[in-house]
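> Can you keep this structure in mind? I'll have questions shortly.
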Amino acid sequence: MPLLELTDVHARYGQVRALHGVSLTIDEGEIVALLGANGAGKTTTLRAISGMVAREGGVVFDGSPLARNPEAAARRGITHVPEGRGILAELTVKENLMMGGYLRRDRKAVAADLERAYQELPWLGDRRDQQAGTLSGGEQQMLALERALMARPRLLLLDEPSLGLAPLIVREFFRLVRRLNEEQGLTVLVVEQNANVALEVSNRAYLIEVGRVALEGASAELREHEGVRKSYLGY
Amino acid sequence: MTQFVQQVVAGLGDGAIYASLALALVLIYRATHVINFAQGEMGMFSTYIAWTMIENHGWSFWPAFVFTVFVSFLGGAAIQQTVIRPLQRAGELTIVMATIALLVLLNGLASWIWKPDEKVLESPFPTGTWSVGDVQIPQQSVYDLLVVLACVVLLWAFFRFTKLGLALRASAVNPVASRLLGVRVTWMLALGWGFAAALSAVAGMLAAPAQFVFSPSFMQVVIIYAFAAAVVGGIESPAGAVVAGLALGVTMNLLGTYVAFVTPDMRLPVALAILLAVLIFRPGGLLGHAAVRRV
């Protein structure tokens with residue numbers, strides 16, 4: 001049984017239809033990428049999952065239907081790092097991380113996770129009392145990831161994490177995602193415009209075109225696919 | 001010199017009332033991004049509730065005070081959930097209009113329930129003075145200040161040290177991101193309105209005894225001072241609102257004492273002239289700051 005299953009999901013912004021029936025599955029422990037051009041519906045697919053946009057169709061998480069609001073999705077263990085990272089700019093780095101663990105009741109384990117985050121990224125610990133809005137774009141993206149991990153998510157949704165970041169930082173970011181996936185079995189659904197990076201890090205990928213799944217397959221195979229290469233990889 | 005010290009203390013007493021109401025405005029501004037024009041009338045309405053408990057039900061002041069703060073908290077949260085929440089999508093101007101409607105409605109409701117004639121809310125504090133050398137320190141002013149400072153410290157500790165307080169701040173800073181982290185943002189906004197209502201209740205219950213008598217319009221001057229304090233303090237800054245409120249109280253008392261043309265009738269225009277002067281030189285307010293943000 002897949003961890004998440006979307007069946008014929010439609011979504012709209014007011015009168016504008018953005019998804020025309022997306023179906024996809026994610027198994028536990030997978031990294032799945034959503035590829036596609038600007039405006040194809042990748043971000044909307046993530047928003048439909050976490051209930052940020054009105055949707056119709058089947059969304060089943062861990063065997064039961066998922067309610068259509070972000071608070072409920074968060075309570076089921078879905079942590080969505082939105083476009084633009086969703087940093088709480090005027091709060092400190094530490095407060096941002098604490099908010100990641102907002103729904104958890106196990107205070108001691110939260111405190112331990114906070115220490116683990118500081119160990120993983122020592123600069124984060126050094127700057128824990130600094131306003132998060134003063135971090136650079138790359139630092140904010142790393143903070144957003146660490147904050148999401150504080151929730152101990154069952155499914156992590158990442159929206160365009162590479163947007164506006166230097167290639168070196170993008171690599172560091174995905175290296176960490178990959179490691180968490182391998183060591184802790186973290187399940188990830190990542191939306192990326194940068195298809196090269198996305199296919200490198202993911203096990204499987206879906207190609208979205210005008211609100212529908214146009215192509216799906218193992219990432220290694222999609223890299224060899226001629227249409228994908230020409231349209232999205234640029235060689 | 002003795003007169004100076006006396007006026008400063010009396011000014012701090014007045015200023016404490018402006019400060020608590022200004023803080024209420026700041027809380028709502030941070031949560032909902034509008035000025036709540038009904039804030040003063042909410043405090044007025046709360047004061048009548050306290051008066052009713054004391055006059056009609058024989059309660060003494062402090063139980064009535066605590067009861068009223070609690071009821072006002074629930075009332076503020078209820079107003080947010082029933083009136084403001086449905087308008088959230090309609091935009092800020094609509095919400096501002098709704099708060100103006102609330103102002104008029106609460107005023108009319110109070111006049112209807114309690115009649116427009118003047119009532120007396122006895123001060124819970126001794127009205128005498130302490131003599132320190134030649135200086136006569138008005139006791140009521142000192143106690144008013146202490147009550148407001150206690151409220152401010154409690155509120156600060158709540159926001160600073162509790163998980164719920166952190167979630168409230170997060171909701172104000174970035175509601176969308178907060179929802180994705182599992183925070184029920186609409187509840188947080190209701191809490192914010194609740195705290196604001198409780199603070200304005202405190203302001204009303206301190207202002208009514210200080211003015212000797214009160215009627216349904218007794219908070220309408222106080223709220224203008226509070227607007228001034230909130231704006232001068234930098235509208236998003238709780239500390240700014242408190243400091244500016246206290247400073248405004250002291251300034252008005254000193255001007256009233258030492259500057260001949262600042263008669264009681266002239267106090268409000270002078271206060272607003274100061275407000276304009278401050279804003280011309282510091283548009284963000286005294287303690288306001290441009291939000292630091294990198295993208």
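> Provide the packing ranking of A:11-20, B:206-215, B:12-21, i.e. peptides ordered by the mean count of other C-beta atoms within 10 Å per residue, highest first.
Values: A:11-20: 14.3, B:206-215: 20.2, B:12-21: 29.0.
Result, highest mean first: B:12-21, B:206-215, A:11-20.
> Right, something else. Return the single residue from B:Leu191, B:Leu275, B:Leu246 with maximal mean-square fluctuation; model: Gaussian network over chain B, springs between Cα atoms under 10 Å.
B:Leu275
> Grab the beta carbon distance between A:His20 and B:Trp112, set R0 = 51 Å, and tell me the FRET efficiency rounded to 0.05. Show your work: numbers first, answer last.
Working: r = 56 Å, r/R0 = 1.11.
It comes out at approximately 0.35.
> To the nearest 500 deg cm²/dmol, what mean residue ellipticity at 222 nm is calculated for chain A from DSSP H runs of n ≥ 4 alone, each contributing -39,500 (n - 2.57), summed and divided by the residues?
Values: 9 runs with 87 residues, N = 235.
Theoretical 222 nm ellipticity from helices: -10500 deg cm²/dmol.
> In region B:21-46, whose amide N lies under 17 Å from the spot 7 Å out along Cα-to-Cβ of B:Ile224? List them in ranges.
Under 17 Å, as judged by backbone N against the label point of B:Ile224, lie B:22, B:37-41 of region B:21-46.
> Please state the shape class of region A:126-225: rounded when a/c is under 1.5, otherwise prolate if a/b exceeds b/c and oblate if not, all from the C-alpha gyration tensor.
On the way: a/c = 2.10, a/b = 1.72, b/c = 1.22.
Since a/c reaches 1.5 and a/b is larger than b/c, the shape of region A:126-225 is classed as prolate.
> Only counting other Cβ atoms within 10 Å, I'd like B:Phe70, B:Phe261, A:Phe173 sorted with the fewest neighbours first. Could the numbers behind the result be given before it?
Working: B:Phe70 13, B:Phe261 7, A:Phe173 21.
Going from sparsest to densest Cβ surroundings: B:Phe261, B:Phe70, A:Phe173.
> When we measure straight from the Cα of A:Lys94, which lysines land under 17 angstrom away, once same-chain ones fewer than 8 places off are left out?
Reachable lysines: A:Lys108, B:Lys163.
> Per-residue ellipticity at 222 nm for chain B, helices alone: DSSP H runs ≥ 4 residues times -39500 (n - 2.57), over residue total, nearest 500 deg cm²/dmol? Walk me through the numbers before you get to the answer.
Details: 11 runs with 205 residues, N = 295.
Computed ellipticity for chain B at 222 nm equals -23500 deg cm²/dmol.
> Continuing with the same structure: For B:Ala90 paired with A:Asp8, estimate the spin-label separation in nm (one decimal), with each label point 7 Å from Cα along the Cα-to-Cβ line.
In this crude label model, B:Ala90 to A:Asp8 measures out at 3.9 nm.
> Dividing the convex hull volume of the Cα atoms of region B:167-269 by its residue count, what figure in Å³ per residue is obtained? Intermediate results must be reported in sequence, preceding the final value.
On the way: hull volume 11.6 nm³, N = 103.
Convex hull of Cα atoms, per residue: 113 Å³.
> Here is a further query. Based on the alpha carbons, how large is the Rg to Rh ratio for region B:2-281 when Rh follows Kirkwood?
Details: Rg = 18.6 Å, Rh = 19.2 Å.
Taking Rg over the Kirkwood Rh, I get 0.97.
> Would you look at the GNM of chain A, springs on alpha carbons closer than 10 Å, and say which of A:Glu160, A:Glu224, A:Glu30 moves the most?
A:Glu224
> For the protein assembly as shown, what percent of Cα pairs sit more than 41 Å apart?
Beyond 41 Å sits 35 percent of the P(r) for the protein assembly as shown.
> Let me ask another. Collect residues whose amide H, placed 1.01 Å from N in the peptide plane, falls under 5 Å from the amide H of A:Ile31; neighbours closer than 5 in sequence don't count.
Excluding prolines and chain starts, which carry no amide H, the hits are A:Val188, A:Asn203, A:Arg204.
> Cut-off under 16 Å on the C-alpha distance; same-chain residues fewer than 8 positions from B:Lys115 excluded. Which aspartates and glutamates are left, in chain and number order?
B:Glu41, B:Glu55
> Moving on. Say we join alpha carbon atoms closer than 10 Å with springs in a Gaussian network model of chain A; which of A:Thr45, A:Thr25, A:Thr187 then has the biggest fluctuation?
A:Thr25
> For chain A, what is the charge dipole size about the Cα centre, in debye to the nearest 20, if Lys and Arg each add +1 at the Cβ and Asp and Glu each add -1 at the Cβ?
For this selection, approximately 460 debye.
> Taking the Cα centre as origin and putting +1 on Lys and Arg beta-carbons and -1 on Asp and Glu beta-carbons, what dipole magnitude results for region B:2-281, to the nearest 20 debye?
Details: 11 positive and 11 negative charges, 225 e Å.
The dipole of region B:2-281 has a size of about 1080 debye.
> Let me check against my output: what whole-number percent is the relative contact order of region B:102-255, with C-alpha pairs under 8 Å and at least 6 apart? Intermediate results must be reported in sequence, preceding the final value.
Numbers: 108 pairs, mean separation 34.7, N = 154.
Contact order relative to length: 23 percent.
> Along the positive direction of the dipole of chain B (beta-carbon charges: Lys, Arg +1; Asp, Glu -1; about the Cα centre), which of B:Phe161, B:Ala201, B:Gly133 reaches farthest?
B:Phe161
> Return the sequence-ordered ³J(HN,Hα) values of region B:53-68 in whole Hz as given by the Karplus equation 6.51 cos²θ - 1.76 cosθ + 1.60 applied to θ = phi - 60°, using x for Gly and Pro.
Values, residue by residue: 4, 7, 6, 8, 10, x, 6, 8, 4, 5, x, 5, 4, 5, 4, 5 Hz.
> If you don't mind, there's one more thing I want to ask. Could you give the longest part of chain B that holds none of the GluC sites (Glu not before Pro) found in DSSP loops with at most 15 neighbouring Cβ atoms within 10 Å? Could the numbers behind the result be given before it?
Details: sites that count: B:Glu118, B:Glu122.
Counting at most 15 other Cβ atoms within 10 Å as exposed, the longest clean stretch of chain B is B:123-295.
We did not get these values from a lab; they are worked out from the coordinates using the rules stated. Fair warning: this is a prediction, and the values are worked out from it, not measured in the lab. Virtual Cβ from ideal backbone geometry, glycine too; neighbours counted across all protein chains shown.
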